[in-house]
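Have a look at the structure below before the remarks.
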Amino acid sequence: MTSILILNGPNLNLLGTRQPEVYGHVTLSDIEALCRAHGTSRGADVTFMQSNSEGILIDAIHDAKGVHDGIVLNAGAYTHTSIALMDAISSVELPVVELHLSNIHAREDFRHVSYIARVALGVICGFGAAGYPLAMDALLAHLAQQ
Ligand code: CA2
């Protein structure tokens, strides 16, 4: 069975509690349920995690090698700052779909820069929680071609 790691970065544990005008009312638990249901419908195994720590996210990417077939990554604000996350993705040579709830290109200039995009298969942003199943499908379509 295809195995997907869905990895969420800093502050995403706060979803649904603040800034609903930007991120909506959906919680990270709601998103996890959506991803698990979508995985079941596609016959894919889903591992879902969140961390506020850059090091834990890097370790999760390293540990994904040989365990998962690909990663959906919402790296949160580390997207715009972390060369270390970019290097971790390059090192494991697993396909990664970068995902954002908001349209980062319609927001502040500093959010227009993504270190993840340089090493990602592709990027999905601006579709809210619905972006997660879209990212999973993009990853599964890529893996089916391998
Ligand atoms: O749009 C996205 O998914 C982001 O990755 C969310 C990050 C932001 O830094 C990125 O630029 C785009 C923020 C994570 C969630 O932050 C919250 C802060 C307060 C309340 C709820 C969520």
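The values are calculated or read from the model by the stated rules, or taken from the named source; none is laboratory data. Everything numeric here is computed off the predicted structure, so don't read it as measured data. So basically every Cβ, Gly included, is an ideal-geometry build from the backbone, and we count neighbours across all protein chains shown.
If you go through region 1-31 and keep only what is among the small types (Gly, Ala, Ser) and assigned to a helix (DSSP H, G or I), you end up with just SER29. The sole residue among ALA77, ALA84, ALA117, ALA88 that is closer than 16 Å to LEU7 by Cα, part of a loop (DSSP other than H, G, I, E, B) and modelled with pLDDT of 95 or more is ALA117. Suppose we filter region 93-107 for residues that are of a type in the set (Asp, Glu) and either within 10 Å of the ligand (Cβ to nearest atom) or surrounded by 13 or more Cβ atoms within 10 Å (Cβ to Cβ) (or both); how many remain? Within region 93-107, residues that are of a type in the set (Asp, Glu) and either within 10 Å of the ligand (Cβ to nearest atom) or surrounded by 13 or more Cβ atoms within 10 Å (Cβ to Cβ) (or both) number 1.
Of the set (1) under 16 Å from HIS100 (Cα atoms); (2) in contact (Cβ under 8 Å) with a residue 60 or more places away in the chain; (3) of a type in the set (Gly, Ala, Ser), all apply to SER51 but (2). Would you point out the residue of region 32-58, among those that are under 13 Å from the mean Cα position of the chain (by Cα) and in a strand (DSSP E or B), that is nearest to ASN8 (Cα to Cα)? Going through the qualifying residues, I end up with GLN50. When PHE127, PHE110 are checked against the criterion of being surrounded by fewer than 20 Cβ atoms within 10 Å (Cβ to Cβ), among the aromatic types (Phe, Trp, Tyr) and under 24 Å from THR27 (Cα atoms), PHE127 stands alone in meeting it.
Here the condition is being within 12 Å of the chain's Cα centre (by Cα), touching a residue at least 24 places away in the same chain (Cβ under 8 Å) and farther than 16 Å from LEU12 by Cβ; of LEU94, LEU139, LEU101, it holds for LEU139 alone. Among the residues of region 37-92, those identified as away from the ligand (no atom under 16 Å from the Cβ) and charged (D, E, K, R) are ARG42, ASP45, ASP59, ASP63, LYS65, ASP69, ASP87. Scanning region 17-33 for residues that are within 10 Å of the ligand (Cβ to nearest atom) and either touching a Lys or Arg at 6+ places or on another chain (Cβ under 7 Å) or at pLDDT below 95 (or both) gives THR17, ARG18, GLN19, PRO20, VAL22, TYR23, GLY24. Cβ-Cβ distance below 6 Å, separation of 6 or more or different chains: which pairs start in region 6-29 with a residue that is within 17 Å of PRO133 (Cα to Cα) and touching a residue at least 40 places away in the same chain (Cβ under 8 Å) and end on one that is near the ligand (Cβ under 10 Å from one of its atoms) and part of a loop (DSSP other than H, G, I, E, B)? Here the result reads TYR23/LEU15; TYR23/LEU101; VAL26/GLY16, each pair linking region 6-29 to a residue that is near the ligand (Cβ under 10 Å from one of its atoms) and part of a loop (DSSP other than H, G, I, E, B).
Can you confirm whether region 74-87 contains a residue that is closer than 17 Å to HIS142 by Cα and more than 12 Å from the chain's Cα centre (by Cα)? No, region 74-87 contains no residue that is closer than 17 Å to HIS142 by Cα and more than 12 Å from the chain's Cα centre (by Cα).
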